Amino acid sequence: MILSRLTVRPMRYDELRHDIPQLSDKVLTKRLRHLCNSGFVRQERGGGSSRYCLTKRGEMLKPMLQALYDWGEANADTFGVRFLSAEAD
């Protein structure tokens, strides 16, 4: 979920927290740290705030994430699933 949000645009922690309310602060922090340590995401700091964005390695995942989303959207009815837009508030 985090990676799919960051494919749209870089985001601050509070924006990710708002967009993914089902993740606790502890879990979101842990997953962001893991994604940063794995080289998929980086934390940019400046101007008194920070934001998370995809690295080059993370950008390489975009086509695969899109393919998974497309498959899920095409098969959602089969599984009784409803998809929300990544840009949805």
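Would you confirm whether any residue within the stretch 31-41 is in contact with a Pro (Cβ under 8 Å, 6 or more places away or on another chain) and open to solvent by 40 Å² or more (accessible area, probe 1.4 Å)? No, the stretch 31-41 contains no residue that is in contact with a Pro (Cβ under 8 Å, 6 or more places away or on another chain) and open to solvent by 40 Å² or more (accessible area, probe 1.4 Å). Scanning the stretch 39-69 for residues that are closer than 26 Å to Phe83 by Cβ and of a type in the set (Ser, Thr, Tyr) turns up Tyr52, Tyr69.
With a requirement of 2 or more residues that are touching a residue at least 60 places away in the same chain (Cβ under 8 Å) and polar (S, T, N, Q), the helices (runs of 4 or more DSSP H) lying completely within the chain that satisfy it span 2-8. Criterion first (surrounded by 13 or more Cβ atoms within 10 Å (Cβ to Cβ) and either over 13 Å from the mean Cα position of the chain (by Cα) or modelled with pLDDT under 95 (or both)) does Ser4 satisfy it? Yes, satisfied. Looking only at the stretch 51-89, which residues are β-branched (Val, Ile, Thr), loosely packed, with under 12 Cβ neighbours inside 10 Å and either modelled with pLDDT under 90 or under 24 Å from Tyr13 (Cα atoms) (or both)? Once the filter is applied, which keeps residues that are β-branched (Val, Ile, Thr), loosely packed, with under 12 Cβ neighbours inside 10 Å and either modelled with pLDDT under 90 or under 24 Å from Tyr13 (Cα atoms) (or both), the stretch 51-89 yields only Val81.
The values are calculated or read from the model by the stated rules, or taken from the named source; none is laboratory data. Note that the structure is a prediction, hence the values are computed from the model and not measured. For neighbour counting, all protein chains shown are included, and Cβ atoms are generated from backbone atoms with ideal geometry for every residue, glycine included. In case anyone asks, the SASA skips ligands and DNA or RNA and just uses the protein heavy atoms, side chains included. Shrake-Rupley method; radii C 1.70, N 1.55, O 1.52, S 1.80 Å.
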